[in-house]
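Colleague: Sending over a structure as structure tokens; questions will come in a sec.
The values are calculated or read from the model by the stated rules, or taken from the named source; none is laboratory data. Remember, it's a predicted structure, so these values are computed and weren't measured experimentally. Here the Cβ is made from the backbone with ideal geometry for all residues, glycine too, and neighbour counts use every protein chain on show. Calculation scope for accessible area: heavy atoms of the full protein, side chains included, ligands and nucleic acids excluded. Shrake-Rupley method; radii C 1.70, N 1.55, O 1.52, S 1.80 Å.
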Amino acid sequence: MTKLRAQFLFCFLLGISSSLWGETELEKAARLIEGRNFQEAQVLLDRAVQSEPRNAEAWFQMGRLQLRTKNPRKAVEFADKAIQINPGKANYHVLRGNSLGRLAQEANIFRAMGLAKDGRGALEKAVQLEPGNRTAVLALFSWYVNVPAIGGGSLDKAKALAERTQTLDPSRGHYLKGLVLQKQKNPDGAQAEYRLALAADPQFSEAHNVLGYLELEKKQVDLAMVHFRKQVEMDPGNANCYDSLGDGLVAKGSLDEAIKAYRKALALDPVFFASMLHLRKALEQAGRRDEAIQHYRQCAQLGAQEGIPQVV
């Protein structure tokens with residue numbers, strides 16, 4: 001191999017290595033954000049945007065970090081930077097929409113209306129860009145279902161989105177249609193849609209969750225437990241699965257097992273608010289007052305650090 005060719009190959013491989021290293025840094029930052037290691041993520045992302053100011057993904061992750069640390073105004077700013085660089089990525093518009101929605105919650109009524117309109121528009125743009133993007137579809141669907149009509153909410157639009165989704169992803173489409181029917185106080189219709197979701201995809205764990213709660217509402221605790229246990233089996237790394245299992249166990253009267261389930265949920269996600277609350281109540285019901293007090297104090301301390309509601 002000639003010296004010139006060796007130098008070229010070395011530079012080429014160095015370029016690949018640098019590219020892979022940059023991708024790894026961003027992936028690591030994303031994992032740190034999910035793990036709530038915000039300071040470490042900030043260091044990596046500061047380095048990324050300084051070395052590659054035209055890296056849209058780096059600005060996107062910066063925005064995610066700001067939203068997770070309760071700074072939606074900065075999150076919008078960084079989402080806009082990502083969109084300027086790459087306007088065709090749905091997730092960047094989702095970040096913008098979610099951040100504007102958070103800002104709307106903090107604004108006065110007149111300002112909130114404008115922010116809500118812009119937020120909905122960002123989510124609609126995301127779905128327009130990538131109709132099969134689950135994150136985008138679920139964000140827009142959630143907006144339609146949960147936001148008042150004055151802010152762009154609409155069950156009719158939610159149903160239409162669910163039907164469009166069904167052509168691309170039958171299980172997800174049936175699941176979303178079930179959520180609309182539940183919102184419309186039609187539990188039997190919802191149950192039918194959730195079962196169709198499972199028929200289309202037997203591994204669709206979220207359907208087991210909602211079916212479990214529908215069975216609890218009908219006092220069919222044993223049937224509910226079948227769904228909750230199946231969900232844990234399918235998605236053992238999800239804190240919500242163990243929280244739902246705990247709810248089923250409380251309904252069954254198995255308080256000690258429920259406490260273990262809630263503790264498992266909090267081991268997976270220490271700031272999972274539902275399990276914080278449910279564990280305290282289960283400890284009190286089980287007569288374990290000292291543990292309940294200790295848990296309450298831990299939650300109060302964590303809540304002060306994280307800015308989450310106090311467990312009462």
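Colleague: Looking at this structure, is Arg64 touching a residue at least 12 places away in the same chain (Cβ under 8 Å), open to solvent by 30 Å² or more (accessible area, probe 1.4 Å) and in a helix (DSSP H, G or I)? Lay out the reasoning, then the answer.
Modeller: Numbers: touching a residue at least 12 places away in the same chain (Cβ under 8 Å): yes; open to solvent by 30 Å² or more (accessible area, probe 1.4 Å): yes; in a helix (DSSP H, G or I): yes.
So Arg64 passes the test.
Colleague: Looking at segment 183-230 only, could you name the residues that are closer than 18 Å to Ser142 by Cα, part of a helix (DSSP H, G or I) and open to solvent by 60 Å² or more (accessible area, probe 1.4 Å)?
Modeller: The answer is Lys183, Glu206.
Colleague: Within segment 270-304, track down each residue that is crowded, with 18+ Cβ neighbours inside 10 Å and under 24 Å from Gly237 (Cα atoms).
Modeller: Listed by number, the residues that qualify are Phe272, Ser275, Met276, His278, Leu279, Arg280, Ala282, Leu283, His295, Cys299.
Colleague: Would you confirm whether any residue within segment 265-281 is more than 23 Å from Arg36 (Cβ to Cβ) and in contact with a Leu (Cβ under 7 Å, 6 or more places away or on another chain)?
Modeller: No, that holds for no residue.
Colleague: Let me ask another. Restricting to segment 91-115, give me the number of residues that are surrounded by fewer than 24 Cβ atoms within 10 Å (Cβ to Cβ), of a type in the set (A, V, I, L, M, F, W, C) and either closer than 23 Å to Asp156 by Cα or free of Cβ contacts under 8 Å to residues at least 24 places away in the same chain (or both).
Modeller: Residues meeting the conditions: 7.
Colleague: To continue, here is another question. Go through segment 67-173 and tell me which helices (runs of 4 or more DSSP H), entirely inside it, have 2 or more residues that are more than 24 Å from Ala48 (Cβ to Cβ).
Modeller: Here the list reads 90-106, 109-129, 134-146, 155-168.
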